[in-house]
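Read through the structure below, which is laid out as C-alpha cells, and then see the notes.
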Amino acid sequence: MKALTANRLADGEAVFWNQGQWVPRFKDAQLFEDAAVAETTEGEAKSQQTVVVDPYLIDVIQSEGLWAPLSFRERIRALGPSNHPQHGKQALGGDDIAALQHAHGAARSTGRVNLIKRK
C-alpha cells in the first residue's frame, strides 16, 4: 500500500494526495494498492510545480486499525514539527494521530529512496 506526499510550496507544510487535491492530514490521504495507478498519479502530481515540491510515494502499514507511514521520517512529517507535542498536527489529537505515534517500522520508504537516487 502506498500514499503520495509532498511539501506545499507556499509554506513547506507536509501534504498528502487525495483525489486530485493536497490535504494536510495523513488520515485524509488516498491510499494506492495498484502500483501502476500510484506511479501515474505521482507523475500527475509532479506537474504541479507551482503547488508542491518533490512529490513522492511512501510505503504505509496498518497501525491500531488505521494506516500510517512505514518509515519513521514520514511519520514525523505526518505529525508535524517534532519540537514539542503541542505544536503541529500532533496537537490536534485523535485516533489517527495516536496511530501515527504508535506505529512501528523503521524501514526507509522506497519512494523517498528513489527520489534521492533520481537527483
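Please treat every number below as a calculation from the coordinates, not as lab data. Remember, it's a predicted structure, so these values are computed and weren't measured experimentally. Positions of Cβ are generated from backbone atoms using ideal geometry, with glycine treated the same way; all protein chains shown enter the neighbour counts.
What net charge is computed for the residues neighbouring V37, neighbours being all others with C-beta under 12 Å from the C-beta of V37, Lys and Arg scored +1, Asp and Glu -1?
In short, -4.
Quote the FRET efficiency, to the nearest 0.05, computed for E39 versus D11 with a Förster distance R0 of 41 Å and r equal to the Cβ-Cβ distance.
Calculated transfer efficiency: 0.90.
Under a cut-off of 17 Å between alpha-carbon atoms, report the aspartates and glutamates in cross-link reach of K89, not counting same-chain residues fewer than 8 places apart.
D11, E13, D28, E74
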